[in-house]
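A.B. asks: I'd like to ask some things about the structure below.
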Amino acid sequence: MPSTVRHFYEFGPFRLDADKHRLMRNGELVHLSPKAIDALLVLVRSPGQLLEREALMRAVWADSFIEDANLTVAISHLRKALGQDAGTAEYIETVPRAGYRFVADVKEIHEEPAPLIIEKRTLSRTVIEEEEIHPPASPAVPGAASIVRNTSLVRTKPGTQIRFAWAVVALAAAAVVVTAWWALKKPDTAAARVRVSSIAVLPFYVVGGKPDDKHQGLGFADTLITRLSNLRELKVRPTSAVLEFENQPQDSLAFGRKTGVDAVMEGTIYRTNDQVRVTARLLKVADGSTLWSGQFERLVRDELAIQNEISTQVVDALALSLSGSERAALTKRFTESADAYQLYIKGRYEWKKRSWVGITEAERLFRNAIAKDPNFALAYVGLADVMVMNKANTQLALNAIERALALDPNLAEAHATLGFIRIFHEWRWADAEQALRKSIELNPGYVTAHHWYAQLLTIQGRHEEAKAEMQRALQIDPRSYNILGDMGQIYYFNREYREAEAYCLKALEIYPDFQFAHNYLFSIYLKTGEHDKALEARLAAEKSHSFFAHQSAERQKQVEAALARDRTTYREAGIRKFMEDRIQGGPHDGDACSVFSAFYAFLGEKDKALTCLEKAYDERGFMLVFVKADPVFDNLRSEPRYQDTLRKMKLSD
């Protein structure tokens, strides 16, 4: 029977078997996907020739429609498998905006396999000689190796030598088939070993450079976080969760254990006048092992290319399965201005404090980012997020969002902020839900969209759905005091007061001056009858609102003296007197009436509570959106005026 000629391509220490579709390095199997092997075959068959991207894609994916990113990923896989350092062209050269070229020397070899020889001997002996079989790199079926190799001497009965010989050959062939089946059924060992579903990217440590570069490491990490957060298979801690490590000595594994992630990424950035060198590695938290590492060197102006490559290589190392849109998000550029991006990152940090000091500083930073790059869509979203905190600026917020969406219609952050405006300023519940669901669809890792969607659900009385959605936000950022506090608010609305208290206290462990958590505790303790605790929670909220830590020593003394007088009033006259004094001494605009209506409802002053609700409705009080959910209004629910307010807000059942 004629033998079949086999084709091999050799380059460096590699041998590519074109017929068996496998790559060997010094005799060891190199694991590659079938499409990566196809791409390599196309390249090595045309060494030294430029292969345009479109032509290469047609050759490898002739039977399917794919995006350009698929080819980029396949080439990245190949370079990593070949041991090619980033930025070099030892084997595969990238020709910018054109295609790829295989630049190593390639030797094509044609071989005929060694024949299978069955030799019949006398005296009831049969000798079988066969070339050694090399199965794929996977555990062999027990006994298979001995069946193939230990065939030098087999005893048989007279007259059965040939039949027995063929039986042994058949058994050997069967063993090979079983071995191949085992290899196909067995999961990829690298992917099985990694199993990473959550990561934290720590701020990169900056070495050298100018003083103005001190936030470059944070910006570098934030870019990676933003890109990786688009992946549905991966939960990525947001920038706010890692900010404390900016340019600080850090125990990466300890941080990983603290935040409950499977892996942490750390790295350094070394800058000269025109060059930047980045080293990065991904560590498995459980045992400290290195899952991936890389070193990259580029001109400073090409730093974003390094971020693209790191994102792609990390995804490859974790063997994640991505859609075309997720692939595209990995290399998306939000701005070409490094200065604008740094201003935006710092603005986000200040904004997440949810304090008036933080909000004021965030506005300044976002405006400066826009001045650096007027086409920076994310900076407009940041500015809108500042504006929405004051209903007088609603139109300014909408203008900023419209500008952001004009620049980038698929910007998840912009759709989320549009949803916030629809909730708190326009009371357009269906439109708000549509915008927030769109944001989550575009970027499932954008924690703020999950957060605001949970608030929309609880406003409508869908508390169980709200808890589930807020839990998704906590899975992304489990140490966000803002999300923890608002989870407490949801439990309060669902009348689960002890659970509500626990979440608020956890938020205050992380950020003791978080005003909203103190206010939630005030409401919780009023409902549970713990008035001593309610008083202290309210005073703590007011102290935080006074920017106490930022005041002069003299002003701090004045604040403390006022709080002492409030405690005296409470001890002498109780919680009613304290609350009445707060109403009498406060403003009476729509926002204040949203709060004071709850005070009156608690005190049993139904008419005053309803009047306050109606004023809050007329002036679009910010906190009025919670009027249906808040249990403090339980004694008003049968009142026609209360029901009329719900109806006008389209919150009635």
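A.B. asks: Spot the failing condition for V386; the list is (1) surrounded by 22 or more Cβ atoms within 10 Å (Cβ to Cβ); (2) farther than 23 Å from G621 by Cβ, and only one is missed.
C.D. replies: The number of the failed condition is (2).
A.B. asks: Separate question: Can you confirm whether N390 is polar (S, T, N, Q) and in contact (Cβ under 8 Å) with a residue 40 or more places away in the chain?
C.D. replies: When the stated conditions are applied, N390 does not pass them.
A.B. asks: Filter region 264-291 down to the residues that are out of contact with any Lys or Arg (no Cβ under 7 Å at 6 or more places or on another chain), in a strand (DSSP E or B), of a type in the set (S, T, N, Q) and at pLDDT 85 or above and list them by number.
C.D. replies: Within region 264-291, T268, T279 meet the criteria.
A.B. asks: Same structure again: Here are some conditions: (1) more than 24 Å from Q475 (Cβ to Cβ); (2) among the aromatic types (F, W, Y); (3) touching a Leu at 6+ places or on another chain (Cβ under 8 Å). Y341 meets all but one. Which one does it not meet?
C.D. replies: (3)
A.B. asks: Would you pick out the residues in region 414-436 that are farther than 24 Å from E619 by Cβ and open to solvent by less than 20 Å² (accessible area, probe 1.4 Å)?
C.D. replies: If the condition is that a residue be farther than 24 Å from E619 by Cβ and open to solvent by less than 20 Å² (accessible area, probe 1.4 Å), then A414, A416, A435, L436 are the ones that fit.
A.B. asks: Pairs please, first residue from region 12-38 and outside any strand (DSSP E or B), second anywhere and small (G, A, S), Cβ atoms under 7 Å, 6+ apart in sequence or on different chains.
C.D. replies: What qualifies is G12/A104; H31/A190; L32/A81; K35/A74; A36/A74.
A.B. asks: Could you list, in sequence order, the residues of region 327-348 that are over 17 Å from the mean Cα position of the chain (by Cα) and in a helix (DSSP H, G or I)?
C.D. replies: Narrowing region 327-348 to residues over 17 Å from the mean Cα position of the chain (by Cα): 335-344, 346-347.
Scanning region 327-348 gives A338, D339, A340, Y341, Q342, L343, Y344, K346, G347.
A.B. asks: I've got another one for you. Considering each of A502, A537 in turn, give the residue that is open to solvent by 50 Å² or more (accessible area, probe 1.4 Å) and hydrophobic (A, V, I, L, M, F, W, C).
C.D. replies: Among A502, A537, only A502 is open to solvent by 50 Å² or more (accessible area, probe 1.4 Å) and hydrophobic (A, V, I, L, M, F, W, C).
A.B. asks: Does G294 count as within 25 Å of L243 (Cβ to Cβ), part of a helix (DSSP H, G or I) and open to solvent by less than 30 Å² (accessible area, probe 1.4 Å)? Reasoning before the result, please.
C.D. replies: On the way: within 25 Å of L243 (Cβ to Cβ): yes; part of a helix (DSSP H, G or I): no; open to solvent by less than 30 Å² (accessible area, probe 1.4 Å): yes.
For G294, the condition - within 25 Å of L243 (Cβ to Cβ), part of a helix (DSSP H, G or I) and open to solvent by less than 30 Å² (accessible area, probe 1.4 Å) - is not met.
A.B. asks: Filter region 616-640 down to residues that are open to solvent by 10 Å² or more (accessible area, probe 1.4 Å) and outside any helix (DSSP H, G or I), then give me how many there are.
C.D. replies: Total meeting the criteria: 7.
A.B. asks: Somewhere in region 476-485, is a residue open to solvent by 10 Å² or more (accessible area, probe 1.4 Å) and modelled with pLDDT of 95 or more?
C.D. replies: No, that holds for no residue.
A.B. asks: Also: Within region 304-315, does at least one residue satisfy the condition of being open to solvent by 40 Å² or more (accessible area, probe 1.4 Å), touching a strand residue (DSSP E or B) at 6+ places or on another chain (Cβ under 9 Å) and assigned to a helix (DSSP H, G or I)?
C.D. replies: yes
The values are calculated or read from the model by the stated rules, or taken from the named source; none is laboratory data. Values in this document were obtained by computation on a predicted structure and should not be read as measured data. Glycine gets a Cβ as well: all are built from the backbone with ideal geometry, and neighbour counts include every protein chain shown. To get the accessible areas, we keep the full protein, side chains included, count just its heavy atoms, and leave off ligands, DNA and RNA. Shrake-Rupley method; radii C 1.70, N 1.55, O 1.52, S 1.80 Å.
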